[in-house]
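Laboratory data are not the source of any read-out in this text; all were calculated from the coordinates shown. Since we're looking at a predicted model, the values are computed, not measured. Note that each Cβ is placed from the backbone with ideal geometry, even for glycine, and that neighbours are counted across all protein chains shown.
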Amino acid sequence: MTAPTFHDPAGHSWDSGRDSWQQILNAVDIPPFHEQRHMTPVAVRARVVWERDGQETIEGRVGYWAGRAVLVHWRDPRLRVQGAWFDVGDVARVS
């Protein structure tokens, strides 16, 4: 049995954006899974410090927390995944 193959007509692969990916300098380590708690998603603004582009404020949603860490989800071509964990001091609810 052979593995299925997938064709992207635009020629993109899973790592086609690797040249634009950046580390987030103020992200915190992912908390252990057993400490993570689900919550009703909340709209937030978060301070993000990119390794090359510097500081900016993004809008996203928080759906998980663990102690002082919250997982902010948003889409950005500089991210490998769609979010990062931050200290609550870098995140504020959108009213």
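Give me the one-decimal nm value for the distance between modelled label points at Gln36 and Ala92, 7 Å along each residue's Cα-to-Cβ direction.
In this crude spin-label approximation the distance works out to 2.7 nm.
Around Met39, with a cut-off of 15 angstrom between Cβ atoms, what is the net charge of the other residues, counting Lys and Arg +1 and Asp and Glu -1?
+3
Sum up the charges of everything whose Cβ sits under 14 Å from the Cβ of Val62, counting Lys and Arg as +1 and Asp and Glu as -1, but leave Val62 out.
Within the 14 Å Cβ shell, the charges total +3.
Report the net charge of residues surrounding Val94, where surrounding means a beta-carbon distance below 13 angstrom and charges are Lys +1, Arg +1, Asp -1, Glu -1.
So the environment of Val94 carries a net charge of +2.
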